[in-house]
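The values are calculated or read from the model by the stated rules, or taken from the named source; none is laboratory data. Here the structure is a predicted model, which means the values were calculated and not measured. With ideal geometry, Cβ positions are generated from the backbone for all residues, glycine too; neighbour counts draw on all protein chains shown.
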Amino acid sequence: MNILILGSGGREHAITWKLAQSARQLSLFVAPGNPGTSSLAVNLRVDPLDFQGVRAAIVANNINMVVVGPETPLAEGIADFIENDPALSGVAVIGPCRDGAMLEGSKDFAKAFMMRHSIPTAAYATFTPDTVDDAIRFMSGLKPPYVLKADGLAAGKGVLIINDFDEAVTELRAMLGGRLGAAGSKVVIEEYLTGIEMSAFVITDGISYRVLPEAKDYKRIGEGDTGKNTGGMGAVSPVPFAKPSFLAKVEDSIIRPTVEGLRAEGIDYRGFIFFGLMNVNGDPFVIEYNARLGDPESEVILPRIGSDLYELLDGVARRDLASRNLVISQETAVTVMMVSGGYPDSYGKGFAITGTEKAGESILFHSGTGTADGHLVTSGGRVLAVTSKGKTMEEALAKSYSSIREISFNGMNYRRDIGFDLKNYKE
Ligand code: AMP
Ligand code: GLY
């Protein structure tokens with residue numbers, strides 16, 4: 001069985017790492033991958049957005065299954081492209097077609113879908129450049145802070161939360177005026193929800209679904225959740241406040257209606273669904289859907305899966321997911337992201353990374369690394385996800401921070417407070 005994983009970050013390294021442990025004889029390829037995946041798989045110099053290049057790689061390497069890591073190839077229709085090509089018939093894709101990827105690719109679609117299926121989410125309305133005046137009137141009826149969301153994919157820059165009404169109006173006009181290009185040609189304005197966030201994940205074959213471990217990520221650059229948004233500075237799984245009664249509500253009011261709603265609408269969704277949730281006084285609301293696994297959430301979710309990940313992927317491909325084994329470890333997994341100095345603004349690249357061989361208590365998932373003259377160097381904002389497991393969150397965090405003390409690169413930065421808001425949580 002030859003499997004091609006598309007992507008180049010910590011998420012794709014974690015998927016590759018987990019598949020490398022399969023009891024099946026798997027040959028793993030990653031496009032384009034990174035120095036971390038190169039020790040487990042064959043890295044191919046192919047851009048996941050170059051569909052013809054992906055096609056050539058599938059043919060050349062007799063690929064049987066493609067696992068799509070990031071959202072952009074999904075939104076651009078990589079699954080449709082593969083499934084509609086007669087020369088690629090029989091190649092399974094783990095990741096939805098373009099219609100399913102709309103759950104992430106269009107906030108307006110996602111909100112309207114949730115309304116159709118009575119899935120709890122913040123009240124909202126959608127506006128276009130022709131309805132700016134209506135948008136301002138709608139906003140004046142809401143309490144601050146104002147939540148503005150560009151409809152399309154905007155690489156993490158599409159959501160604004162603004163306290164001041166006049167500033168919100170200015171930002172709304174800029175979004176609808178084209179600041180984010182086509183992604184902002186529609187804007188969703190929604191009610192602000194107060195609560196604590198967490199994320200739930202499922203894998204589905206379009207008929208049934210299996211619930212994967214939940215996680216909480218830390219998006220802000222600064223300690224105490226301050227400063228700019230990033231791709232994610234760390235994550236923890238399980239989430240202490242996600243007690244069985246809360247997770248049962250998530251499954252009953254959100255997960256099941258989502259999978260059943262997709263099916264009822266004729267969307268044949270095969271892949272992962274990532275539910276960004278807000279726990280509002282014990283009740284879950286959907287903040288956003290993603291049509292893929294998260295990064296850095298994958299770096300804590302996948303290490304908690306005790307069974308063979310390939311069995312789940314094969315269950316999606318063969319549509320018998322319900323009969324597949326899924327074992328989730330009771331241990332806590334944490335990941336702390338080591339980032340380049342300056343990130344999420346501009347930062348230098350190409351700095352030598354030393355000490356990784358001394359981080360033995362942790363798993364290092366590569367995110368933005370490269371090689372120069374055979375040595376590991378930095379090549380992105382998020383550099384290494386340092387994952388550890390423990391009986392408690394504190395034990396796992398102590399291992400990750402002790403590993404981080406061994407690792408060094410010019411300008412390195414990381415948050416010293418991952419899990420800070422969960423530490424004093426008592427049942
Ligand atoms: P998103 O890109 O949709 O995940 O939004 C980015 C972040 O904005 C989320 O992780 C939340 O922290 C916050 N957010 C989005 N929508 C809301 C909302 N309706 N109420 C409160 N916070 C929100
Ligand atoms: N960590 C958030 C994401 O993957 O979108």
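Numbers below:
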{"quantity": "Single residue of F165, F127, F113 found to be surrounded by fewer than 21 Cβ atoms within 10 Å (Cβ to Cβ) and hydrophobic (A, V, I, L, M, F, W, C)", "calculated": "F165"}
{"quantity": "Considering residues of the range 270-287 that are crowded, with 19+ Cβ neighbours inside 10 Å and within 25 Å of H13 (Cβ to Cβ) only, the residue farthest from the chain's Cα centre (by Cα)", "calculated": "R270"}
{"quantity": "P257 being under 22 Å from the mean Cα position of the chain (by Cα), of a type outside the set (D, E, K, R) and at pLDDT below 95", "calculated": "no"}
{"quantity": "Any pair with Cβ under 8 angstrom, 6 or more apart, that starts in the range 279-295 at a residue that is touching a residue at least 60 places away in the same chain (Cβ under 8 Å) and under 13 Å from T258 (Cα atoms) and ends at one that is away from ligand 1 (no atom under 13 Å from the Cβ) and polar (S, T, N, Q)", "calculated": "Y289/T258"}
{"quantity": "First in the range 366-378 and under 19 Å from G7 (Cβ atoms), second anywhere and among the aromatic types (F, W, Y) and surrounded by 13 or more Cβ atoms within 10 Å (Cβ to Cβ), Cβ under 8 Å, 6 or more apart", "calculated": "T378/F351; T378/F409"}
{"quantity": "Yes/no for T128 being within 21 Å of the chain's Cα centre (by Cα) and not charged (D, E, K, R)", "calculated": "no"}
{"quantity": "Any hit, the range 206-222, residues being at pLDDT below 95 and either more than 16 Å from ligand 2 (Cβ to nearest atom) or of a type outside the set (D, E, K, R) (or both)", "calculated": "no"}
{"quantity": "Test for K219: is it within 14 Å of ligand 1 (Cβ to nearest atom), among the charged types (D, E, K, R) and under 14 Å from the mean Cα position of the chain (by Cα)", "calculated": "yes"}
{"quantity": "Every residue from the range 380-424 that is in a helix (DSSP H, G or I), surrounded by 19 or more Cβ atoms within 10 Å (Cβ to Cβ) and small (G, A, S)", "calculated": "A396, S400, S403"}
{"quantity": "Whichever residue in the range 204-255 is outside any strand (DSSP E or B) and free of Cβ contacts under 8 Å to residues at least 24 places away in the same chain and, among such residues, is surrounded by the most Cβ atoms within 10 Å (Cβ to Cβ)", "calculated": "K219"}
{"quantity": "Top-ranked residue of the range 288-307 - restricted to ones that are near ligand 2 (Cβ under 10 Å from one of its atoms), crowded, with 24+ Cβ neighbours inside 10 Å and not charged (D, E, K, R), ranked as nearest to G206 (Cα to Cα)", "calculated": "L293"}
{"quantity": "Subset of the range 172-184 (residues that are within 27 Å of A101 (Cα to Cα) and surrounded by 13 or more Cβ atoms within 10 Å (Cβ to Cβ))", "calculated": "L172, A174, M175, L176, R179, L180, A183, G184"}
{"quantity": "F165 being in contact (Cβ under 8 Å) with a residue 40 or more places away in the chain and aromatic (F, W, Y)", "calculated": "no"}
